[in-house]
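Notes follow the structure.
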Amino acid sequence: MIPLRQEWPLDVAARYRAAGYWRGETFPAFLRQRAAERPDAVAVVAGEARWTYAELHARAERAAAGFLALGLRPGDRVVVQLGNIPEFFSAVFGLFRAGLIPVYALPAHRLTEIAHFVGKSEASAYVAAERGTDGFDYRTLARDLRAATPGLRHVIIAGDAAEFTAFEALDGDSALLPGDPDPARVAFLQISGGTTGLSKLIPRTHDDYIYSFRASNEICGVTQDSVFLCALPAAHNFPMSSPGHMGALYAGARVVLSPVPSPDTAFPLIERERVTISGLVPPLALLWAQAAATTKHDLSSLEVLLVGGAKLTPEAARRVAAALPCTLQQVFGMAEGLVNYTRLDDPEAIILETQGRPISPDDEVLIVDDMGEPVPEGEPGYLLARGPYTIRAYHNDDAANARSFTPDGFYRTGDIVRRTAEGYLVVQGRAGDHINRAGEKISAEEVEDHLLAHPSVFDAAVVSIPDEFLGERICAFVIPHGERPRAAALKAWMRTRGIADFKVPDQVVLVDAFETTAAGKISRKELRARLRARLLAEE
Ligand code: J2J
């Protein structure tokens, strides 16, 4: 197995420890501590389940022993695809406790993506729920996955497990559980938004990740009295760590899981559980704002609503802030690390018009031009980041590492930002060719690759188009090969490719040819830019 690494230069790591960012805490240790301090406080609410800290801890211990009893060994990777159900927590804390490495997949992912995560991480096991909220049967996916990935030894299913191992039945000898992991080691693999090609795996350590949500708790006002509503998919980095459910559990607060993020489901939960804080992507924040005007539910417990994952325009921010009875907090973050927040006591103009400033005094942010030179203060440029919770490398991907990091260890975020005189970042665009569809990042290249597999597609170029509700949507330009495919048929065919539904183009435009220049073919990047400009001009 390729070893998991995430290393900062020794002197830098020593500095982060001396500054108190990295405190040697680990996931299993903090849960054990909370369970000892507040055994009867409710940790997780989901559907009918209300687990106290003592219960969550006990369930995680049992799951941990059960994972090891299957034959899994500390260091083995386990792809986890669980939606907003309580087993998400017993599974991942069980994995942490057993020294196993969760690889976080989203419920929307399908065979192609899951097989990629299993292959890239060399996973030995896959944990999923019987069904998703949309009715999708993950056991079917698991059967195909077994055939596609011979290295996968175990499939563990929460709910009716059919021929697989039942998560609920996991049990083993707790005396065989290992000691706590090394806090400097990789705790899990998060997945990247996938700006080029397939998603990359992001190794995060106990030290660095726990710092990011402990510091986020302070910035977002999370205490043991907070009630965090997790409305976005729990495996996504934003609701996990900014400050997210992990921040809430670290604080000894209560996490309420909403199976879906719609106001119909979330508002009754806010009222019933007296939710104080939640996080949403911009389109959902607008939906909540609209629904709040007429709701009969009492939302008055809500103190903070975080909005991020995609750009919240000042106008949208104004609408959200006016409609909801709480403080709006913008968050601009990434699974690779750097997270920026507006502060709760910032002036209104900063909250409405900027995407915040970094968590840490030791976050190093550079804004550079095409040559890598810093731009004049206040001018837009490419954002580079380095710091105590920003990775230095992806897992098992030399090509991406060469592209995505500077020789001195800055992560190239791909975002184009400017910094205000007060030191706040304003996101202005991005360098990469990905589409940010309601916070889901979709690689143009990956969608093009799928289209090219269709017999009636000669060539394809995929671009983002501004969308009033989603922020951006996916438009595919296709040159037919032989028989002209119908747009609807092409979309339906994309749905059979075993990919997340959010990657299926919203719009397909058939064209006879792509532009070339006198000098010959233009670059794909230039082509996408021209096609996009043409479509916008026509609209
Ligand atoms: C514009 N673009 C944004 C924002 C993220 C907190 C919040 C979000 C994420 C996340 C996260 C944006 N305005 N407010 O992990 O901890 C775009 C940028 C960024 C990319 C990262 C967190 N907030 N973005 O969205 O890894 O382009 O993380 O580089 O999914 O989302 O995507 P992701």
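With the requirement that a residue be outside any loop (DSSP other than H, G, I, E, B) and more than 9 Å from the ligand (Cβ to nearest atom), what does region 435-448 give you? Those that are outside any loop (DSSP other than H, G, I, E, B) and more than 9 Å from the ligand (Cβ to nearest atom): Ile435, Arg437, Ile442, Ser443, Ala444, Glu445, Glu446, Val447, Glu448. Looking only at residues in region 208-217 that are among the hydrophobic types (A, V, I, L, M, F, W, C) and more than 10 Å from the ligand (Cβ to nearest atom), which one is surrounded by the fewest Cβ atoms within 10 Å (Cβ to Cβ)? Residue satisfying both the conditions and the ranking: Ala215.
Taken over region 190-207, the criterion of being surrounded by 23 or more Cβ atoms within 10 Å (Cβ to Cβ) and away from the ligand (no atom under 13 Å from the Cβ) is satisfied by Pro203, Thr205, His206, Asp207.
How about region 108-138: which of its residues are part of a helix (DSSP H, G or I), surrounded by 19 or more Cβ atoms within 10 Å (Cβ to Cβ) and of a type outside the set (A, V, I, L, M)?
The answer is Glu113, His116, Phe117, Lys120, Ser121, Tyr138.
For region 25-40, a residue qualifies if it is outside any loop (DSSP other than H, G, I, E, B), in contact (Cβ under 8 Å) with a residue 24 or more places away in the chain and under 29 Å from the mean Cα position of the chain (by Cα), and the qualifying residues are Phe27, Pro28, Ala29, Phe30, Leu31, Arg32, Arg34.
Would you say Val307 is closer than 21 Å to Cys220 by Cα, of a type in the set (Val, Ile, Thr) and not in a loop (DSSP other than H, G, I, E, B)? Step through it out loud before you land on a result.
Values: closer than 21 Å to Cys220 by Cα: yes; of a type in the set (Val, Ile, Thr): yes; not in a loop (DSSP other than H, G, I, E, B): yes.
Yes; evaluated as a whole, the condition is true for this residue.
For region 351-375, filtered to residues that are assigned to a strand (DSSP E or B) and more than 16 Å from the ligand (Cβ to nearest atom), the residue that is farthest from Ala322 (Cα to Cα) is Pro374.
Could you say whether any residue in region 151-168 is in contact with a His (Cβ under 9 Å, 6 or more places away or on another chain) and in a strand (DSSP E or B)?
Yes.
Determine whether region 163-184 contains at least one residue that is under 17 Å from the mean Cα position of the chain (by Cα), at pLDDT 95 or above and hydrophobic (A, V, I, L, M, F, W, C). Checking region 163-184: not a single residue is under 17 Å from the mean Cα position of the chain (by Cα), at pLDDT 95 or above and hydrophobic (A, V, I, L, M, F, W, C). Against the condition within 16 Å of the ligand (Cβ to nearest atom), in contact (Cβ under 8 Å) with a residue 40 or more places away in the chain and either closer than 20 Å to Gly308 by Cα or outside the structural domain of Leu106 (by TED's automatic domain parsing) (or both), how does Gly378 come out, does it pass? Answer is no for this residue. Within this structure, Ala399 passes the test of being without any contact (Cβ under 8 Å) to a residue 40 or more places away in the chain, over 22 Å from Gly309 (Cα atoms) and not in a strand (DSSP E or B). Kindly provide the set of residues from region 321-341 that are farther than 26 Å from Asn401 by Cα and within 8 Å of the ligand (Cβ to nearest atom), ordered by number. Gln330, the sole residue that qualifies. When the residues of region 340-380 are filtered to those that are more than 19 Å from Thr413 (Cβ to Cβ) and among the charged types (D, E, K, R), the one that is surrounded by the fewest Cβ atoms within 10 Å (Cβ to Cβ) is Asp345. Determine whether region 43-64 contains at least one residue that is among the polar types (S, T, N, Q) and buried (at least 23 other Cβ atoms within 10 Å of the Cβ). Checked against the condition, which is being among the polar types (S, T, N, Q) and buried (at least 23 other Cβ atoms within 10 Å of the Cβ), region 43-64 yields no hits at all. The residue list Phe228, Phe213, Phe238 contains one member that is among the aromatic types (Phe, Trp, Tyr) and outside any helix (DSSP H, G or I), which is Phe228.
If we scan region 425-434, do we find a residue that is assigned to a loop (DSSP other than H, G, I, E, B) and at pLDDT 95 or above? Taking every residue of region 425-434 in turn, none turns out to be assigned to a loop (DSSP other than H, G, I, E, B) and at pLDDT 95 or above.
The values are calculated or read from the model by the stated rules, or taken from the named source; none is laboratory data. Predicted, not measured: the structure shown is a model, and the values here were computed from it. Please note: Cβ atoms are built from the backbone with ideal geometry, for glycine as well, and neighbour counts cover all protein chains shown.
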